[in-house]
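The values are calculated or read from the model by the stated rules, or taken from the named source; none is laboratory data. Fair warning: this is a prediction, and the values are worked out from it, not measured in the lab. For neighbour counting, all protein chains shown are included, and Cβ atoms are generated from backbone atoms with ideal geometry for every residue, glycine included. Please note that ligands, DNA and RNA were not included when accessible areas were found on the heavy atoms of the full protein model with its side chains. Shrake-Rupley method; radii C 1.70, N 1.55, O 1.52, S 1.80 Å.
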Amino acid sequence: MKKIFLFLITASLLFQVGFAKKRALIIAIGAYPAKTGWSAISSVNDVALIQQALAKQGFADADMVILTDEQATKEGIIRAMAQLQATAEEGDIVVIHYSGHGQQIFDDNGDEIDGKDESIVPYDAFAKYTHNYAGQNHIRDDELGNIIANFRNKLGKDGQLLFIMDSCHSGSTTRGAKARGGQATFAPPNWTPQEADKTKGSGLIERTRVTPEASPFVMISGASADELNYEYQGCGSLSYAFSKAMTDLGSDFTFRQLFSSIAANMNVISPKQTPTIEGDIDYLLFKGEYVKQQPYFTLNRIVQPDVIQVAGGQLQRLFKQTSVFVLPAGTTTADPDKVVAKGTITNAKFNEAVVKLDRPLEDPNEKNYWVFVDQPAYGDIAIQVYLHPSVDDASVKTAISAFLSENHLGKIVTDTLEADVIVEKRANAYQLTVAQGESAFNEAESSRGEDLAAEINEKLFNFAQGQYLKKLSLKNYEYEFEFKLIPIDYDVELGISGDLKPDTALVNEAGIFEVDPESDYVVLQVTNKSDRPLYFSIIEINTKGEIASFMPNDNCPLTDEERRIAPGQTMTFSDCVFSFGPPYERLILKGFATSTPINFQSTVATRGEGTRSANQHPLERFIQQSYTQSRGSSSTSVTGKVDGYSSEFVYEIVKR
């Protein structure tokens with residue numbers, strides 16, 4: 001279908017005199033009654049992620065309304081939205097987050113090209129059409145479109161509306177990871193859909209007439225209309241990616257930039273799942289009234305004066321041996337002069353960690369402290385591997401298990417829900433598949449004989465290393481920078497560059513930057529957002545986890561000084577024109593900036609065997625060490641503090 005539907009969370013807090021009130025509505029449905037035909041999902045786990053992300057941006061607890069499970073019937077959802085609209089005032093910022101199932105449903109008013117509406121699935125909605133249930137408890141996009149229009153008219157041109165939809169509407173099925181959606185179109189018997197082109201958008205925004213003074217709005221969805229939306233480590237993939245992106249906000253962030261960070265995080269979870277953004281995406285996030293600060297964690301409790309429990313764990317990349325600072329709540333950076341105590345994480349669980357401090361805290365109120373990371377412990381490169389029953393060669397199974405175990409690279413698991421990768425024997429090859437999304441990323445031919453297991457292990461390691469580096473996040477705002485690809489006219493025969501095109505010229509309707517090998521050329525643009533000169537280096541990570549040096553590279557071997565960006569400067573490298581070729585896939589560019597020269601080209605070209613020297617940048621040594629397949633207890637130690645700022649850019653090579 002050709003529409004989009006928006007969901008907005010409303011958060012209400014007088015963050016600062018003159019600033020907008022922020023309000024949120026968070027809806028999460030996971031324990032659907034068995035009689036409805038819907039499977040149980042982990043939506044309720046999303047609530048804490050969204051609450052924490054919004055609270056850090058000035059959304060007060062009193063202004064965040066939460067509906068879960070049996071509270072979120074159709075009546076309950078509609079009533080909560082009506083109450084939110086009634087209390088919202090002109091100029092407010094409203095966010096509505098929905099986690100739950102979604103479903104396509106037969107069009108009941110003839111306004112859809114393909115004969116299907118999109119809908120969200122309340123607690124009391126059924127999966128199949130029956131003689132006594134005709135979809136009356138589904139909330140269709142038509143109804144949501146009217147709700148959105150009313151919100152926008154109420155908030156006015158100075159307000160903002162944001163919908164976050166962690167659901168999906170595809171009728172596809174899945175064998176592996178837990179997904180949201182997955183039921184066929186809800187329709188009467190003998191109903192026939194109309195033929196229509198596939199849309200890359202969410203299919204959820206219903207364009208309803210609004211006043212000229214209506215507020216801007218944005219909808220971010222976890223998947224395109226024809227895709228499943230997979231869960232990640234017990235929570236929604238979009239909810240996780242949104243919460244992660246909200247901790248990495250830079251200067252003058254727009255919704256487009258927020259989505260770029262979300263897309264990068266989603267690429268780690270399910271490389272072929274396509275998050276979408278629609279609406280007024282070039283407006284400043286929350287009207288620019290957001291908190292840009294070094295990421296921090298709140299305290300769950302003070303176990304004893306020198307032992308604390310932090311509201312963050314392995315899901316937030318907090319690992320054992322990470323060193324931290326404790327500072328007063330409300331601090332925007334880890335100012336050494338304000339440090340109350342230092343500590344080390346002694347135990348890290350899924351969403352919490354225990355810290356041993358070097359001195360006792362004087363104030364017993366945990367609300368008065370925030371925890372900042374000093375020096376990360378990045379954890380081991382490790383993946384969980386599921387061997388499909390088709391893998392019946394005992395020698396292959398033994399070799400894979402031994403490789404993972406002996407090198408501390410992960411383990412074999414017996415449940416696909418626990419897996420990162422599925423290894424399956426298909427005809428004449430062993431296929432490696434990402435568990436979330438079931439997208440094949442590599443294969444090894446069965447004819448390899450004795451080398452077969454070694455080849456599979458090498459491909460598993462490449463994937464693990466790629467995932468590891470995709471997740472790596474450095475956010476020292478003293479080195480803040482951003483980069484993007486800019487389309488350019490280019491005469492191949494003459495080798496002459498022409499005019500730059502708008503940076504949105506190659507962005508598709510889902511918000512993803514696309515390049516066609518037959519027609520598209522781009523250049524790199526880098527902006528220094530800090531107040532000091534910076535040096536940068538960028539790597540590219542493909543679906544297989546293989547790494548290449550993007551800038552500098554063999555065709556554009558810029559020196560350190562040529563990659564030096566002055567404070568506040570934007571440099572467009574028009575002499576380095578990039579073209580592309582198959583395979584058709586989605587890739588991540590990962591850039592790093594520091595105050596001293598940095599260059600990953602040699603490290604990547606030699607797969608970690610490049611020159612090692614005392615003068616080598618700690619970040620270069622860190623990337624170099626990621627190529628080490630043996631992950632012993634000292635394998636991740638790096639001399640010198642790994643410091644800097646990292647940024648990502650996602651693009652896809654397509655055939656138009």
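Label the stretch 382-467 by shape, choosing from rounded, prolate and oblate, from the square roots a ≥ b ≥ c of the eigenvalues of the Cα gyration tensor; if a/c is under 1.5 it is rounded, and otherwise prolate applies when a/b is larger than b/c, oblate when it is not. Please report the intermediate quantities before stating the final value.
Numbers: a/c = 1.37, a/b = 1.15, b/c = 1.19.
It is rounded, given that a/c, with a ≥ b ≥ c, falls under 1.5.
Which peptide among 485-497, 265-277, 302-314 comes first, and what is the full order, when sorted by highest mean count of other Cβ atoms within 10 Å?
Working: 485-497: 13.2, 265-277: 25.2, 302-314: 17.8.
Top to bottom by mean Cβ count within 10 Å: 265-277, 302-314, 485-497.
Quick one: accessible area per residue over the stretch 382-467, 1.4 Å probe, rounded to a whole number of Å²?
On the way: 3760 Å² over 86 residues.
Value for the stretch 382-467: 44 Å² per residue.
Checking the table Lys349/Lys471; Lys272/Lys529; Lys272/Lys655; Lys35/Lys244 against a 24 Å threshold on Cα-Cα, which pairs fail?
Lys272/Lys529; Lys35/Lys244
Using 0.36 nm per residue, how much length does the chain from Gln136 to Arg359 gain when fully extended, once their Cα-Cα distance is taken away?
Details: separation 223, 0.36 × 223 = 80.28 nm, distance 6.01 nm.
Here the answer is 74.3 nm.
Can you order the peptides 147-153, 413-419 by their average number of other Cβ atoms within 10 Å per residue, highest first?
Going by the mean number of other Cβ atoms within 10 Å, highest first, we get 147-153, 413-419.
Among residues other than Asp63 whose Cβ falls under 15 Å from its Cβ, what is the net charge (Lys/Arg +1, Asp/Glu -1)?
On the way: positive: Lys21, Lys22, Arg23, Lys56; negative: Asp61, Glu89, Asp92, Glu289.
Residues near Asp63 contribute 0 overall.
Nothing charged except the Cβ atoms of Lys and Arg (+1) and of Asp and Glu (-1): what's the magnitude of the dipole of the chain about its Cα centre? Round to the nearest 20 debye. Please report the intermediate quantities before stating the final value.
Numbers: 61 positive and 86 negative charges, 314 e Å.
Charge dipole, the chain, about its Cα centre: 1500 debye, nearest 20.
Using amide H atoms built in the peptide plane, which far-off residues or other-chain residues are under 5 Å from Glu480 H to H?
Placed amide hydrogens put Ser530 under 5 Å from Glu480.
Test of understanding: what is the full-extension gain from Lys320 to Thr211, defined as 0.36 nm times their sequence separation minus their Cα-Cα distance? Don't skip to the end; give the middle numbers.
Working: separation 109, 0.36 × 109 = 39.24 nm, distance 5.39 nm.
Full-extension gain reported as 33.9 nm.
For the pair Glu609 and Thr559, how long in nm is the line joining their label points, each one 7 Å along Cα→Cβ?
Modelled inter-label distance: 3.0 nm.
Rank Thr73, Phe325, Gln57 by how far each Cα sits towards the positive end of the charge dipole of the chain (+1 on Lys, Arg Cβ; -1 on Asp, Glu Cβ) and give me just the farthest.
Sorting the options by dipole projection puts first Phe325.
Rounded, prolate or oblate: pick one for the chain, where a ≥ b ≥ c are the square roots of the eigenvalues of its C-alpha gyration tensor, a/c under 1.5 means rounded, and failing that, prolate if a/b is larger than b/c, else oblate.
Working: a/c = 1.33, a/b = 1.19, b/c = 1.12.
Taking the square roots of the gyration eigenvalues as a ≥ b ≥ c, the chain is rounded.
With each label point set 7 Å from Cα along the Cα-Cβ vector, what nm distance links Asp489 and Thr192?
With each label placed 7 Å out from Cα toward Cβ, I get 4.9 nm.
Cβ neighbours within 10 Å, averaged per peptide: list 76-84, 224-232 in order, most packed at the top. Could you put the intermediate results ahead of the total?
Numbers: 76-84: 17.8, 224-232: 24.6.
Ranking, from highest mean packing down: 224-232, 76-84.
Is there a quick way to get the dipole size of the stretch 382-467? I mean about its Cα centre, with the Cβ of Lys and Arg at +1 and of Asp and Glu at -1; what is the value in debye to the nearest 20? Numbers along the way, then the final one.
Working: 6 positive and 14 negative charges, 12 e Å.
The dipole of the stretch 382-467 has a size of about 60 debye.
Computing the accessible area with a 1.4 Å probe over protein heavy atoms, can you report the carbon and sulfur percentage for the stretch 295-342? Don't skip to the answer; put the middle values down first.
Working: 1030 of 2150 Å².
Ligands and nucleic acids excluded, carbon and sulfur give 48 percent.
Out of all DSSP beta bridges with both ends in the chain, state the antiparallel percent to the nearest 5.
On the way: 95 of 130 bridges.
Bridges in the chain that DSSP calls antiparallel: roughly 75 percent.
What number comes out for the charge environment of Leu506, summing +1 per Lys or Arg and -1 per Asp or Glu over other residues with Cβ under 9 Å away? Display every interim value, and only then the final one.
Values: positive: Lys501; negative: Asp503, Glu514, Asp516, Asp520.
Result for the local shell: -3.
Efficiency by 1/(1 + (r/R0)^6): what FRET value for Ser251 and Ile78, r their Cβ-Cβ distance, R0 = 35 Å, to the nearest 0.05?
Working: r = 39 Å, r/R0 = 1.11.
Calculated transfer efficiency: 0.35.
May I ask what percent, to the nearest 5, of DSSP beta bridges between residues of the stretch 358-509 are antiparallel? All intermediate terms of the calculation are to be shown ahead of the outcome.
Working: 15 of 22 bridges.
Bridges in the stretch 358-509 are about 70 percent antiparallel.
Rounded to the nearest 500, what is the 222 nm mean residue ellipticity of the chain from helices alone, with -39500 (n - 2.57) per DSSP H run of 4+ residues and division by all residues?
Working: 9 runs with 110 residues, N = 656.
Rounded to the nearest 500, the figure is -5000 deg cm²/dmol.
Grab the other residues whose beta carbon is less than 13 angstrom from that of Lys470, score K and R as +1, D and E as -1, and report the net. Present the calculation step by step, with values, prior to reporting the outcome.
Details: positive: Lys244, Arg317, Lys471, Lys544, Arg586, Lys590; negative: Asp420, Glu540, Glu546, Glu648.
Once all neighbours under 13 Å are counted, the net charge is +2.
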